[in-house]
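Engineer: The structure follows.
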Amino acid sequence: MRVYPEQLTRHLSPLHPCYLIFGDDPWLVETTKDHIRLAAKRQGFAERIELIQDTGFHWHELSQEWQAMSLFSSKRLIELVLPQGKPGTEGAATLQSLLQAANPDTLLLIEGPKLSSEQTNSKWFKALDAKGIYLPCATPEGDQFMRWLDSRIKHFQLHLQPDARAMLYALYEGNLLAADQAMQLLQLLSPAKPISAAELSHYFEDQSRFTVFQLTDALLGNRQDSAQHMLAQLNGEGTALPIVLWAVFKELNLLFQLKSDMANGANLNHLWSKHRIWDKRKPLYQAAIQRLSLDQIEAMLAFASQLELNLKQHGREDWTALSHLCLLFDPKAHRQLAHISLD
């Protein structure tokens, strides 16, 4: 049954045997998966198995996981990625066979790119669609994008004047991920007061004039001299500390996800695609995840969280502490600065 992502919450209790998430919008795909994962966890599907149809994949792996007993819970969520959206002859037969003998203790989530009409009319797809929920994740346009934008403005509890709302629409139509990140930033900067288009323009001009993205690239590449110089420049130009902290936090969260997924055996090429990491930035992330341990990244996230808490609760813009956090992108600094903490 075809259901659009914004209607998903009506189809999560009870859960259906399978969910088919196909589309090319990264924000819609990831948020849709997150909603299903959360609902599954609440309904006892505590264990999650991830499979990807890559060169070394064999379809009997899916059959074995489908029939296996969980070591940790009575219910399991199996996530299968079809990079081309085509399971092939063997895969089509396997999927149809599994769904004919539905296992109430196993939930199947299948992810892939946008499907053609030929693919959605295939025998295997129709069989799964009849048993589960098909969620096409295409980027909304025009009025649909405006409705999505309004729902996210409400979600972040932003107070945008009409000209600011129109500006967001003009800047971000077609890019849900960038729009959502921009609204996260606005929530951090102006959580309560109305925002005009002039103020919106000022925020984004500050963010891009001396780019915080240049700073995060320097941190990922462990170019500490450049990073500390950029940080001093940002401070000297009056850049709001929350903007810089937001950018650093974002990279730390991504590093944590990459490092954790790799520790669990995830395919790196799949991770690049999943997180929409451009080719020119892949060497930066690869260097950072090889250089920093998972424990070190967790310690940096904890430090950043405390820095954010001090900022929100006490209004303390601690650029020295932010400089300390940036130094921790060098693993040697973890030994030298381990005694420093935020009170």
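The values are calculated or read from the model by the stated rules, or taken from the named source; none is laboratory data. None of these values were measured; they are calculated from a predicted model. Cβ coordinates were reconstructed from backbone atoms using ideal geometry, including for glycine residues, and neighbour counts include every protein chain displayed. What goes into the accessible areas is simple: the full protein's heavy atoms, side chains included, and nothing from ligands, DNA or RNA. Shrake-Rupley method; radii C 1.70, N 1.55, O 1.52, S 1.80 Å.
Engineer: From Leu108, Leu77, Leu95, Leu51, which residue is aliphatic (A, V, I, L, M) and either at pLDDT below 90 or part of a helix (DSSP H, G or I) (or both)?
Structural biologist: Leu95
Engineer: Moving to a separate point now. Farther than 22 Å from Pro14 by Cβ and surrounded by 15 or more Cβ atoms within 10 Å (Cβ to Cβ): which single residue out of Leu109, Leu82, Leu95 fits that description?
Structural biologist: Residue meeting the stated conditions: Leu82.
Engineer: Hey, could you check segment 111-135 for residues that are touching a Pro at 6+ places or on another chain (Cβ under 8 Å) and in a strand (DSSP E or B) and say which is nearest to Glu6 (Cα to Cα)?
Structural biologist: Of everything passing the filter in segment 111-135, Leu135 is nearest to Glu6 (Cα to Cα).
Engineer: Ok, one more. I'd like to verify a number: residues in segment 18-64 that are within 16 Å of Leu107 (Cβ to Cβ), open to solvent by 40 Å² or more (accessible area, probe 1.4 Å) and touching a Ser or Thr at 6+ places or on another chain (Cβ under 8 Å), how many?
Structural biologist: Residues that pass the stated criteria total 3.
Engineer: Now for a different question. What pairs can you find where one residue is in segment 309-335 and farther than 22 Å from Gly236 by Cβ and free of Cβ contacts under 8 Å to residues at least 60 places away in the same chain, the other is hydroxyl-bearing (Ser, Thr, Tyr) and not in a helix (DSSP H, G or I), and their Cβ atoms are less than 8 Å apart, with a gap of 6+ or different chains?
Structural biologist: Pro331/Ser293
Engineer: Can you find a residue in segment 159-174 that is closer than 19 Å to Asp34 by Cβ, modelled with pLDDT of 90 or more and assigned to a loop (DSSP other than H, G, I, E, B)?
Structural biologist: No, because not a single residue in segment 159-174 is closer than 19 Å to Asp34 by Cβ, modelled with pLDDT of 90 or more and assigned to a loop (DSSP other than H, G, I, E, B).
Engineer: Can you list residue pairs whose Cβ atoms sit under 9 Å apart, with the first residue in segment 207-236 being modelled with pLDDT of 85 or more and part of a helix (DSSP H, G or I) and the second being surrounded by 17 or more Cβ atoms within 10 Å (Cβ to Cβ) and of a type in the set (S, T, N, Q)? Count only pairs 6 or more apart in sequence or on different chains.
Structural biologist: Pairs that qualify, where the first residue is modelled with pLDDT of 85 or more and part of a helix (DSSP H, G or I) and the partner is surrounded by 17 or more Cβ atoms within 10 Å (Cβ to Cβ) and of a type in the set (S, T, N, Q), are Ala227/Thr216.
Engineer: Something else about it: Are any residues in segment 116-139 among the hydrophobic types (A, V, I, L, M, F, W, C), surrounded by fewer than 21 Cβ atoms within 10 Å (Cβ to Cβ) and closer than 21 Å to Glu50 by Cα, and if so, which ones?
Structural biologist: Residues of segment 116-139 that are among the hydrophobic types (A, V, I, L, M, F, W, C), as a first pass: 124-125, 127-128, 130, 133, 135, 137-138.
Now narrow it down to the ones that are surrounded by fewer than 21 Cβ atoms within 10 Å (Cβ to Cβ): 124, 127, 130, 138.
Matches in segment 116-139: Trp124 only.
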